[in-house]
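The values are calculated or read from the model by the stated rules, or taken from the named source; none is laboratory data. Computed from a predicted model, the values in this text were never measured in an experiment. Note: ideal-geometry Cβ built from the backbone for every residue, glycine included; neighbour counts use all protein chains shown. Heads up: the accessible areas ignore ligands, DNA and RNA and are worked out on the full protein's heavy atoms, side chains in. Shrake-Rupley method; radii C 1.70, N 1.55, O 1.52, S 1.80 Å.
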Amino acid sequence: MCMLRVVMFGTPAIYWNDNKVFFPFAKMEAVLYYLLVEGECTRDKLAMLLWGEKADQDAKKNLRNTIYSIKKMISPELFITPNRKMISLNNKLIYATDIELLNKSDIQDFLQKQSGDFLENFYCKDAELFDDWVMAKRLEFKETMITRLTSGILNFIHNKQYTDAKKHIKQLIKIDEYNESAYRLLMKIYEREEAFYKVTETYHKLEKKWADELNLCPSNKTKEIYARVAQQHKQKLDALEHITKFARDLTIIWR
């Protein structure tokens, strides 16, 4: 049986039986993306979403023509229409979407495979309501990623699995680049590992980013960690210098 496989993060793409489908109009793709994410929908809502600038009858006619064209390109069994008002996709013909990967798999598996935002660079002409929906979904999926990463971070720290915790924190910073709490947590783990130079490196990275892009500086909480670690590092260097001097003096005495 031929199956539908859909990529929606990064550059979106639709594959039928592992062959990429090239649609002549973006709104044909948009119908599929919307139904894949939202499931069942009224025809009226879908027509308004994509042709809201047109008269009601014209919008509905465009939707009918679009659905017909999609069926012709892919499969006459792709859509399920239980009545004249509702429409959905035939789940029996859907092999996989990366939305499922986000919701069901390990978050790291998803992040390693996805390559960008939801429907990145996908645009429908004269479909403001659809574009608004895309933006809202981007934020929603981003929040899902942040929530799942945060949950994993807390669990790893509780179990003292700092390597995994750092991996999740770095992914969190990649997604939520102005999340100062994530930077601060990473600095604390480096401090606990006595990787003082990494604390300094992380702090200066945050400091430069905020100064260049937000015209702000890190909070006092973050500065306190940096100052404390800088002092610890200085004390460690002073102790090492003292030991080195003592060893050098012993060498001179025993000559």
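Just flag the GluC sites (Glu not before Pro) in region 108-158 sitting in loop per DSSP whose Cβ has no more than 16 other Cβ atoms within 10 Å. Intermediate values should be presented prior to the final figure.
Values: sites: Glu120, Glu128, Glu140, Glu143; in loops: Glu120.
Answer by residue number: Glu120.
This model, with +1 at the C-beta of Lys and Arg and -1 at the C-beta of Asp and Glu, gives the chain a dipole about its Cα centre of some 460 debye. Taken about its Cα centre, region 163-222 carries a charge dipole of roughly 140 debye when the Cβ of each Lys and Arg holds +1 and the Cβ of each Asp and Glu holds -1.
How long is the gain from Asp164 to Ser88 if the chain were fully straight, where each residue apart is worth 0.36 nm and the alpha carbon distance is subtracted? Spell out each step's value before the answer.
Details: separation 76, 0.36 × 76 = 27.36 nm, distance 4.01 nm.
Extra length from Asp164 to Ser88 when fully extended: 23.4 nm.
I'd like the Kirkwood hydrodynamic radius of region 132-184, using the inverse of the mean 1/r over distinct C-alpha pairs, in Å. The Cα-based Kirkwood calculation yields 11.6 Å. Both numbers refer to the Cα atoms of region 161-223; Rg and Dmax are 11.3, 35 Å.
Using the C-alpha atoms of region 74-126, what convex hull volume per residue, in cubic angstrom, is computed?
Values: hull volume 8.2 nm³, N = 53.
Measuring per residue, one finds 155 Å³ for the Cα hull of region 74-126.
The chymotrypsin sites (Phe, Trp or Tyr not before Pro) of region 120-181 that DSSP puts in a loop, and whose beta carbon has at most 14 other beta carbons within 10 Å, are Tyr123, Tyr178.
Of the heavy-atom accessible surface of region 4-124 (probe 1.4 angstrom), what whole percent is carbon and sulfur? Write down the numbers at each step before the final one.
Values: 3060 of 6620 Å².
Whole-percent figure for carbon plus sulfur exposure: 46.
Of [x] 98, 42, 30; [y] 49, 39, 38; [z] 58, 35, 34, which is the value of Cα extents along the principal axes in Å derived from the coordinates here? It is the value labelled [x].
Computed from label points 7 Å out along Cα-Cβ, the spacing between Arg228 and Phe25 is 6.1 nm.
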